[in-house]
Amino acid sequence: MAKKAKTEIADDDFVVGSGNYLKDRGYADPAETRAKFFMANQIAVAVEELGLSQAAAAELTGLKQPDVSRIVNGNVKEYSVWRLMMALKALGYEIAIEMQRRGQGGGHISARNRADEGQSITLA
């Protein structure tokens, strides 16, 4: 068996990212996209946990089956945050928007699934 030759990689083949993958990939609003991905993941989990086919999930959520397929596969560009929240609501999730004044300086925006303490993200 012949040994493969090592390929040398030039230094200019590497790109240093900003630390924000979605921004580096060209998403216009990385925080909103991160929120959409978070909700799409919750939808996918709910569909699986409820043992629903995509057609049954579509009927339950008022979406079309191809929409459910796109969402559970993380293709969320065409869907608004509101539409994803309404799908989650139809799947039995309670969605809450809470606000608390933090005083001077900036606050932050985060999302979490109370049922799963590991599912929490900071959006902005």
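The values are calculated or read from the model by the stated rules, or taken from the named source; none is laboratory data. Bear in mind the structure is a predicted one, so any value in this text is a computation, not a measurement. Positions of Cβ are generated from backbone atoms using ideal geometry, with glycine treated the same way; all protein chains shown enter the neighbour counts.
Observations, loosely collected:
- All helices (runs of 4 or more DSSP H) inside region 18-70 with 2 or more residues being farther than 21 Å from residue 122 by Cβ and at pLDDT 95 or above: 30-49, 54-61
- Summed over region 54-85, residues that are among the aliphatic types (A, V, I, L, M) and surrounded by 17 or more Cβ atoms within 10 Å (Cβ to Cβ) total 9.
- Close pairs (7 angstrom Cβ cut-off, 6 or more residues apart or separate chains): at negative phi and among the basic types (Lys, Arg) in region 102-124, at pLDDT below 75 and surrounded by 10 or more Cβ atoms within 10 Å (Cβ to Cβ) anywhere: 112/119; 112/120
- Looking across region 93-124, just one residue is within 15 Å of the chain's Cα centre (by Cα), outside any strand (DSSP E or B) and at pLDDT 75 or above, and that is 109.
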